[in-house]
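To start, the structure under review is shown below, and the notes come after it.
The values are calculated or read from the model by the stated rules, or taken from the named source; none is laboratory data. Not measured: the values here are computed from a predicted model. We place every Cβ from the backbone using ideal geometry, glycine too, and count neighbours over all the protein chains shown. The accessibility values were calculated without ligands, DNA or RNA, using every heavy atom of the protein model including side chains. Shrake-Rupley method; radii C 1.70, N 1.55, O 1.52, S 1.80 Å.
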Amino acid sequence: LGKSASNLIIGDHMGSIDLGVEYKEYAWTYFLYRQNFYETNHNNRKVSWEDGLTGFEMRRHNQRPTTAIHVNTALVEVISTMDHKNLNPVSGQGNIRPDSYYNQAFYQSGWSYKNRGLGNPLIASRHMIRKEHAANDDYLTNNNRILALHTGFKGAFYKVPWMLKATYSQNYGSHTAEYAPALNQFSFYMNAEFSLKKLWGTKLQVGFSGDLGELYYNSLAVNVGISKSGIL
């Protein structure tokens, strides 16, 4: 609920307009959705319709699969933040300037918590990317112009639940520090859950993840977890 005084805006504002439609049949539910976001002052909440996220999800329900290897949920999402057309007048001059998503002119921390951006993991803080690409220390992120494709799948392999997520992005930097050419990045995560029947409700979870590309330092990780349900 920021107030304006002498062409200065006290407080910053972020929001989104979400639209979706869902269709349900006997075996599957289909969900198509779109999110458009804005980051601006309270007097000028024009939405950049070019920037946003479009997604499509399929969820299995009400029917048991007939094959040993099957998918229960499939998801595809496409996101673009290339336009930044949420434009604001500059101090009475009648000019316009593009928003710089997640950065704030008065606060170097921007929209973040403990140096991590809020709400969109693809717009990473300068502390998380390769040092040669973190050109400007005055802002939270040097990379808020992105094109990305994200996919996710959940299913089972002979009654063993599994999940796979993968994201490919092209990163163009920001309006003040562009990456030319764009930096390509691929990130993934997969896991499986095994039931240890002899240990009364204990499950073993094994995961494998990684970042491969030009924006982040290449890394691979393995995680192992144990969970127990029911009476100890």
The FRET efficiency for residue 158 and residue 219, from their Cβ-Cβ distance with R0 = 30 Å and rounded to 0.05, is 0.45
On the formula 1/(1 + (r/R0)^6), with r taken between the Cβ atoms of residue 59 and residue 115 and R0 of 25 Å, the FRET efficiency rounded to 0.05 is 0.10
Within the stretch 133-210, DSSP-loop trypsin sites (Lys or Arg not before Pro) with at most 14 other C-beta atoms within 10 Å are 159
Expected unfolding gain across residue 184-residue 69 under the 0.36 nm per residue rule, minus the alpha-carbon gap, is 38.2 nm
Here FRET efficiency (C-beta to C-beta, residue 17 to residue 196, R₀ 41 Å, nearest 0.05) is 0.30
From the Cα centre of the stretch 100-151 to that of the stretch 169-219, the distance in Å is 18 Å
Shape call for the stretch 147-232, from the Cα gyration tensor axes a ≥ b ≥ c (a/c under 1.5 means rounded, otherwise prolate when a/b beats b/c, else oblate), comes out prolate
Here, residue 80 and residue 107, labelled 7 Å along Cα→Cβ, have an inter-label distance in nm of 3.1 nm
Two pseudo-spin positions, 7 Å from Cα along C-beta at residue 205 and at residue 127, lie apart in nanometres by 2.5 nm
Of every hundred units of 1.4 Å-probe accessible area on the stretch 168-221, the number belonging to carbon and sulfur atoms, as a percent, is 63 percent
If the chain between residue 166 and residue 227 were fully extended at 0.36 nm per residue, the gain over the current Cα-Cα distance would be 19.5 nm
